[in-house]
Amino acid sequence: MTTEVVLQGSVIREKLEMLRELFTDVPEAARVYGPSATAILESGLSVRTVDDDGASIATDMPYALGGAEAAPSPGWLLSAAAASCTATVIALRSAALDIELTNLEVGVDTDSDARGLLGIGDDVSASMAGFRIRVKIGSADATAEELRSIVLWAHDHSPVVSTIRAALPVDIEVDAA
């Protein structure tokens, strides 16, 4: 256990406790409005998306669809957002419970039918058919069941996954060590 990790965990825990108190006393303070995202077509199927503060991310499409594969696809970014958000919420929950993680890896796989994107067939949806989330997690401070509980709590409280799940089923797989 390094001093940096312990300090980081204690700082996160303190901030979470302060926010929990504030949001309990003043629920309207919990209302968060994210920055706007504006997508700008640069060329072909290459798109740059920027937020109000100038942060940006590029997307492109596969060669098979006419893209240059110069950046990830928007669908991959959705998977990346789900993976990153899940990992972040797991780390937050672990810190709140004073559990130091020795490893954490979150992977997301999706299924889709490209015919929906191309408008082939009236009964073929363009939406992804489902998400599979795989979590590998370890800690010297917690049992496998405690780690599984943290992961399932995070799965229920991840803003990105909760948003996705509201529209389609999201499966989760936990590999706790």
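The values are calculated or read from the model by the stated rules, or taken from the named source; none is laboratory data. Predicted model only: the values in this text are computed from it and were never measured. Neighbour counts run over all protein chains shown; Cβ positions are idealised from the backbone, glycine included. Accessible surface is based on the protein model in full, side chains and every heavy atom, while ligands, DNA and RNA are left aside. Shrake-Rupley method; radii C 1.70, N 1.55, O 1.52, S 1.80 Å.
See the values below:
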quantity: Helices (runs of 4 or more DSSP H) (entirely within region 107-177) containing at least 3 residues that are touching a residue at least 12 places away in the same chain (Cβ under 8 Å); calculated: 144-157, 159-167
quantity: Any chance ARG115 is farther than 29 Å from ALA64 by Cβ and out of contact with any helix residue (DSSP H, G or I) (no Cβ under 6 Å at 6 or more places or on another chain); calculated: no
quantity: Filtered residue count, region 100-135, keeping only those that are surrounded by 15 or more Cβ atoms within 10 Å (Cβ to Cβ) and of a type in the set (Lys, Arg); calculated: 1
quantity: Members of region 30-61 found to be farther than 17 Å from PRO159 by Cβ and loosely packed, with under 11 Cβ neighbours inside 10 Å, listed by number; calculated: ILE40, LEU41, SER43, ASP52, ASP53, GLY54, ALA55
quantity: Residues of region 76-122 that turn out to be over 16 Å from the mean Cα position of the chain (by Cα) and closer than 30 Å to VAL11 by Cβ, as a count; calculated: 10
quantity: Check on SER43, small (Gly, Ala, Ser), at pLDDT 95 or above and more than 26 Å from ARG148 (Cα to Cα); calculated: yes
quantity: Subset tally (residues that are surrounded by fewer than 19 Cβ atoms within 10 Å (Cβ to Cβ) and among the aliphatic types (A, V, I, L, M)) for region 72-86; calculated: 4
quantity: Top-ranked residue in region 145-177 [being open to solvent by 70 Å² or more (accessible area, probe 1.4 Å) and touching a strand residue (DSSP E or B) at 6+ places or on another chain (Cβ under 6 Å); ranked as farthest from LEU104 (Cα to Cα)]; calculated: PRO169
quantity: In region 24-65, residue farthest from LEU117 (Cα to Cα) [restricted to those that are charged (D, E, K, R) and not in a strand (DSSP E or B)]; calculated: ASP25
quantity: Criterion violated by ALA87 - all others in (1) modelled with pLDDT of 95 or more; (2) over 30 Å from LEU16 (Cα atoms) satisfied; calculated: (2)
quantity: Inter-residue pairs, beta-carbon under 9 Å, first basic (Lys, Arg) and in region 47-66, second surrounded by 15 or more Cβ atoms within 10 Å (Cβ to Cβ), 6+ apart; calculated: ARG48/ILE57; ARG48/THR59; ARG48/ALA71
